[in-house]
Amino acid sequence: MSAVLAQIQQNEVRYKTRFLIKVRDQLLSINEKDIAYFYTNDGLVFLKTQQNKKYLVDFTLDELEDLLDPSNFYRINRQFIARIEAISTCYQYPKGKLKVEFHLEPPMTPVLISREKSADFKKWLDLF
């Protein structure tokens, strides 16, 4: 029986719960619960904490999408992956898009969800 239990546990999906961030000569451990969102800027990927601090990360958004628990994080568009608790408001936007606002200081550009992804995003918000 223990062999079966071990096999089930091996097949269990594990998501990343901490991120090791290098800041100059320091290594910081950031808990995923403290992350508001990940975003790209000039080809680099950053995380923004709930405390409004920004850090460079060594992952692409595609890699992060596989590492993060989908019940907590959603790939909004090519530039953003957001934590559900960081989202304050969603607005209808022209042509069936949605505009997302965060509890934090707003990003430099509006965060938009395409018409194609808006229905899926609304389901995600409602499920979790």
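Only the coordinates and a few stated rules stand behind these numbers; no lab work does. Model, not experiment: these values are computed from the prediction. Cβ atoms come from the backbone with ideal geometry, glycine included; neighbour counts cover every protein chain shown.
Convert 10 °C to kelvin, take the viscosity as 1.306 mPa s, use the Kirkwood radius over C-alpha pairs of the chain as Rh, and evaluate the Stokes-Einstein diffusion coefficient in µm²/s, rounded to a whole number. Could you put the intermediate results ahead of the total?
On the way: Rh = 15.9 Å.
Value of D from the Cα-based Kirkwood radius: 100 µm²/s.
Quick check on the chain: helices-only [θ] at 222 nm, where DSSP H runs of length 4 and up contribute -39,500 (n - 2.57) each and the sum goes over total residues. Nearest 500, please.
About -7000 deg cm²/dmol.
Provide Rg over Rh for region 69-119; use the alpha carbon set for both Rg and the Kirkwood Rh (inverse mean inverse pair distance).
That ratio equals 0.93.
Can you put Glu85, Glu32 in order of Cβ neighbours within 10 angstrom, beginning with the fewest?
Glu85, Glu32
Out of Asn31, Asn52, Asn41, any idea which swings most in a Gaussian network model of the chain, alpha carbons joined below 10 Å?
Among Asn31, Asn52, Asn41, the largest mean-square fluctuation in the Gaussian network model of the chain belongs to Asn41.
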